[in-house]
Amino acid sequence: MIKALLNNWQAKLGSIILATLFYINLQNSKILVREVNIKIEYPKLSGGLIIAKGSDTTFPVKVEGVRDYVNFYTPSLKAYISPADLHPGENIVNVVRFGGTTPGLRISKIPGKEKVKIIVESNVSRTIIIEPKLAGDPPKDYIKSSHFVSPTSLVVVGNPSEFDKVGRIVSLPSISLKDKTKTFTQKFKVPDLPAGLRYRDNIKEVSVTVNIVADSSTPGESIVLGVPVKCQNLDKSLEAEFSEQEVSVKLQSKTPLRSIQIIKGLNASVVCSHKYDPKVKKILPDNKPVVAKVRLEKAPSLKSVEIQGVFPDRISILYRVRSDIGSGGAGSEDGGDGNSDPGSEEPLPEPEEE
């Protein structure tokens with residue numbers, strides 16, 4: 001028996017070794033090791049903090065396991081970080097756990113790539129009012145009828161601790177009315193902000209339009225420029241942006257009237273009918289621009305004046321949620337005019353879903 005086993009033993013031993021190597025190779029072929037980038041699941045932050053652009057969105061890991069498991073589960077893997085590790089500014093933090101895995105799948109960090117960069121910003125805001133300075137007077141027989149600032153206010157967003165470095169009113173450089181005989185517009189660069197603060201909507205400049213008209217008292221047909229357009233029935237939680245802030249009026253006067261008397265006696269307005277629903281945090285019926293007809297009313301002092309046309313007779317209105325509207329959806333106590341409260345420092349409303 002032993003003699004039979006030892007017969008041609010070299011060939012038999014070689015067969016056993018070859019079979020063992022083949023088995024080991026077969027088993028190893030079922031194991032897959034792969035380095036992949038998995039998605040970072042950002043935590044929800046409180047106190048008006050948000051994850052800013054420039055933060056890492058993926059995390060490199062080594063995934064090891066049965067080939068079928070690796071191929072199936074890898075796309076659903078996620079890396080999680082702790083919200084307690086995040087503070088305003090740039091944070092270099094550890095990944096605390098992995099999600100989407102299954103028993104039999106091993107996930108490990110890659111040496112030298114254990115941390116991620118997360119940038120945190122504050123979305124608490126303060127609205128500051130823009131005030132132009134008008135100096136001097138136009139020449140004789142000319143008057144300033146009105147002036148407009150666009151935008152009328154700026155919303156500053158950022159770290160609340162930096163708000164003490166900015167005021168609640170921005171005064172623009174002085175605008176001289178000397179020698180001005182017609183309407184003109186002057187533009188100014190918005191003031192620079194301290195580090196940690198920025199302007200919402202990336203506003204770069206402010207424009208001031210000053211309407212200058214002749215102080216004429218000649219009867220007959222004339223065109224009056226610079227009649228401001230107002231918003232009627234504006235929801236106190238909304239602000240309205242007009243495509244045109246003023247209109248021109250063509251009229252016929254049978255009696256001599258001063259230009260300033262005509263301008264002050266005309267009232268142009270549009271109906272602002274959109275509403276803000278605080279429960280769903282949406283503008284109803286939607287937040288798309290809408291065209292509204294301009295209504296013109298005359299004061300009793302202009303009874304003898306015949307209105308022949310308004311230009312333009314329709315303007316576009318874009319509604320926005322006021323920056324001082326908190327989670328409760330209520331505006332400032334005074335409300336009513338649709339302008340932001342300059343003293344507000346509240347988290348911005350949630351973005352609207354399309």
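Here are a few things to note about the model shown:
- Set Val249, Val280, Val270: member being of a type in the set (A, V, I, L, M) and assigned to a loop (DSSP other than H, G, I, E, B): Val280
- Every residue from region 177-194 that is β-branched (Val, Ile, Thr) and part of a strand (DSSP E or B): Thr185
- Search result, residues across region 168-211 that are at pLDDT 85 or above, buried (at least 16 other Cβ atoms within 10 Å of the Cβ) and of a type in the set (A, V, I, L, M): Leu172, Ile175, Leu177, Leu193, Val206, Val208, Val210
- Here is the figure for region 81-104: residues that are open to solvent by 60 Å² or more (accessible area, probe 1.4 Å), modelled with pLDDT of 85 or more and in contact with a strand residue (DSSP E or B) (Cβ under 7 Å, 6 or more places away or on another chain) total 8.
- The set of residues from region 107-135 being modelled with pLDDT of 85 or more, open to solvent by less than 50 Å² (accessible area, probe 1.4 Å) and small (Gly, Ala, Ser) comprises Ser108, Ala135.
- The criterion of at least 3 residues that are within 29 Å of Leu49 (Cα to Cα) and either of a type in the set (Gly, Ala, Ser) or touching a Gly at 6+ places or on another chain (Cβ under 8 Å) (or both) is met, among strands (runs of 3 or more DSSP E) falling completely within region 115-155, by 115-122, 124-135.
- Here Asp235 passes the criteria (1) crowded, with 17+ Cβ neighbours inside 10 Å; (2) in a strand (DSSP E or B) except the one numbered (2).
The values are calculated or read from the model by the stated rules, or taken from the named source; none is laboratory data. This structure is a prediction, so every number in the text was calculated from the model and none was measured. Cβ sites come from the backbone with ideal geometry, for glycine too, and all protein chains shown count toward neighbours. With ligands, DNA and RNA removed, areas are computed over all heavy atoms of the protein, side chains included. Shrake-Rupley method; radii C 1.70, N 1.55, O 1.52, S 1.80 Å.
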